[in-house]
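**Q** Take a look at the following structure, please.
Rule-based calculations on the coordinates, nothing more; no lab input. Since we're looking at a predicted model, the values are computed, not measured. Every residue, glycine among them, receives a Cβ derived from its backbone with ideal geometry; neighbour counts consider all protein chains shown.
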Amino acid sequence: MNVSQGDLKVLHVVESLGRGAVENWLLRMLAHARSRGCNIDWSFYCALGEPGRRDADARALGARVVISPVPLGRTASFLAALRREIFLGEYDVLHCHHDILNGIYMAASFGAPLKRRIVHAHNADEHLPTPSPLKRRLMLEPMRQICLHADRIVGISHHTLDTMLGGRPRRPGRDLVHYYGVDSSAFDSDVNQSNAIRSSIGVPADALIILFGGRIVPEKNPVFAVDVFAYLKQLEARAEMVFAGTGSLESAVRQRSVELGIADSVHMIGWREDLPALMGACDLFILPRPEIPKEGFGLAVVEAQLAGLRLLLSRGIPDDPLLGTAVYKRLPLADGAAAWARAALELLAEPRPTTSDALVALAHSPMDMDRALGHLMALHQ
């Protein structure tokens, strides 16, 4: 593969280069482009006005990182700062990565001699930073109208795109779904590695491990996952639960585990760099996302399938990340934790999906790294 953007200078506007899904995806695509010999010129404008954990990674890959001198929350001053960067940087492409707030980034670009403006919606939230419901309602449609002036409107899933469009029909060739490229190189089925990981987190070799992998925050509904596990533990004594991630509800998860008498079987292991290997050591992946708004995409759902995990999902997870090889159940949250636990037990009785089958399915999907990179480069042309 030898995709080139020639002399195009692309400015990606992101919140920051931390460890979130958006920035990890962008840096993954940049690294893949470099490995394929692609000629690209990327800069990142970090809207929160603070350094991120992955700034050095971006620079090591040849990208320029610009920390906004004014944080996004100070809207007027932020607009002026971003506008100055767009004009002085002489960029060809502005690629905005957010949700409805992409309208702020777009507003800064009006009048700039850009060849292309791209609004890329990474979630289906339409939350505007004001405590007033009236102001939110009054601001929402004007922000959407600004976004609709982009040359491309891109969603990471069908639901995300349709939410950004606000129910309007898609314009062929202009309003597009672009899936995240998923790096499959780290996924294998090394039994010895799995046993070592189980031992390192204090889980017996014959345990049935339920994994909650991701941010431990309200929009992922982790406390409900604890309730589900409490019922499952009554049905299957070998069950253990692992939370791999960090977030504002860590204390609530621990407290709920104590209240339910299952704290010894709930393992909070924090952020893991070896998430693919950890997934391979587990048996079932649970994500009880609230149903409104839906998950933007669900990259962890794809990764869990590559690791051979069964999936227990809420209806807040879109269809987009499900491969044809998926072994899963999707339940309404209203069914309650006991019903979810019974579904988990049924899934654990199913044969474990194979990593090899999932890898083949991924290679034939739009989430294949080469396909995703080619599509991303085409957006900028």
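**Q** Tell me, what is the percent relative contact order of the chain, built from C-alpha pairs under 8 Å that lie six or more residues apart?
**A** Once normalised by length, the contact order is 14 percent.
**Q** Hey, can you grab everything whose amide H is under 5 Å from the amide H of D175? Only 5+ residues off in sequence or another chain; H modelled, so Pro and N-termini drop out.
**A** Counting only residues 5 or more places away or on other chains, the set is I153.
**Q** State whether segment 191-361 is rounded, prolate or oblate according to the following rule on the C-alpha gyration tensor (a ≥ b ≥ c being the square roots of its eigenvalues): a/c under 1.5 gives rounded; otherwise a/b larger than b/c gives prolate, and the remaining case gives oblate.
**A** It comes out rounded by the Cα gyration axes.
**Q** Quick one: which residues, 5+ away or cross-chain, put their amide H under 5 Å from the amide H of M268? H built at 1.01 Å from N.
**A** F243
**Q** Then there's this: Divide by every residue of the chain the summed helix terms, -39500 (n - 2.57) for each DSSP H run of at least 4, and state the resulting mean residue ellipticity at 222 nm, rounded to the nearest 500 deg cm²/dmol.
**A** Mean residue ellipticity, 222 nm, calculated: -11500 deg cm²/dmol.
**Q** Rounded, prolate or oblate: which one fits segment 63-221, using the alpha carbon gyration tensor with axes a ≥ b ≥ c (rounded when a/c is under 1.5, else prolate when a/b beats b/c, else oblate)?
**A** prolate
**Q** Rounded if a/c is under 1.5, else prolate if a/b is larger than b/c, else oblate: which is segment 216-258, with a ≥ b ≥ c the root eigenvalues of its Cα gyration tensor? Could you put the intermediate results ahead of the total?
**A** Values: a/c = 2.18, a/b = 2.08, b/c = 1.05.
Because a/c hits 1.5 or more and a/b exceeds b/c, segment 216-258 counts as prolate.
**Q** Now for a different question. Just how large is the dipole of the chain about the Cα centre, in debye to the nearest 20, putting +1 at every Lys and Arg Cβ and -1 at every Asp and Glu Cβ?
**A** In debye, rounded to 20, the chain gives about 1100.
**Q** Along segment 159-171, what does the Karplus equation 6.51 cos²θ - 1.76 cosθ + 1.60 (θ = phi - 60°) give for ³J(HN,Hα), rounded to whole Hz, x for Gly and Pro?
**A** Once rounded to whole Hz, the list reads 5, 5, 5, 5, 5, 4, 6, x, x, 6, x, 6, 9.
**Q** Which residue, L313, S257, A349, has the largest displacement toward the positive end of the dipole of segment 191-361 when charges sit on each Cβ (Lys, Arg +1; Asp, Glu -1)?
**A** Result: S257, furthest along the dipole toward the positive end.
**Q** Each residue of segment 294-308 in turn: what ³J(HN,Hα) in whole Hz from Karplus with 6.51, -1.76, 1.60 and θ = phi - 60°, glycine and Pro shown as x?
**A** Working through the residues one at a time gives 5, 4, x, 9, x, 4, 4, 5, 5, 4, 4, 5, 5, 8, x Hz.
**Q** Specify which labelled value, from [x] 64, 50, 38; [y] 69, 48, 40; [z] 69, 54, 34, agrees with Cα extents along the principal axes in Å derived from the coordinates of the model shown.
**A** Evaluating Cα extents along the principal axes in Å on these atoms matches [x].
**Q** Once amide H atoms are placed 1.01 Å from N in the peptide plane, what residues at a sequence separation of 5 or more from I209, or on another chain, have their amide H within under 5 Å of its amide H?
**A** E240, D283, L284
**Q** Step through the table entries K294/K329; K115/K294; K233/K329; K115/K135; K135/K220, compare each Cα-Cα distance with 22 Å, and write down the pairs that go over it.
**A** Beyond 22 Å between Cα atoms: K115/K294; K115/K135; K135/K220.
**Q** Relative contact order for segment 191-361 using alpha-carbon pairs under 8 Å, separation at least 6, rounded to a whole percent?
**A** With pairs under 8 Å counted, the relative contact order is 23 percent.
**Q** Less than 15 Å apart at the alpha-carbon level, and either on another chain or at least 8 residues along: which aspartates and glutamates does that give for K9?
**A** Answer for K9, where 15 Å is the Cα cut-off: D41, E85, E90, D92, listed by chain and number.
**Q** To continue, here is another question. Of D320, D357, D206, which is the most mobile in a GNM of the chain whose springs link Cα atoms less than 10 angstrom apart?
**A** D206
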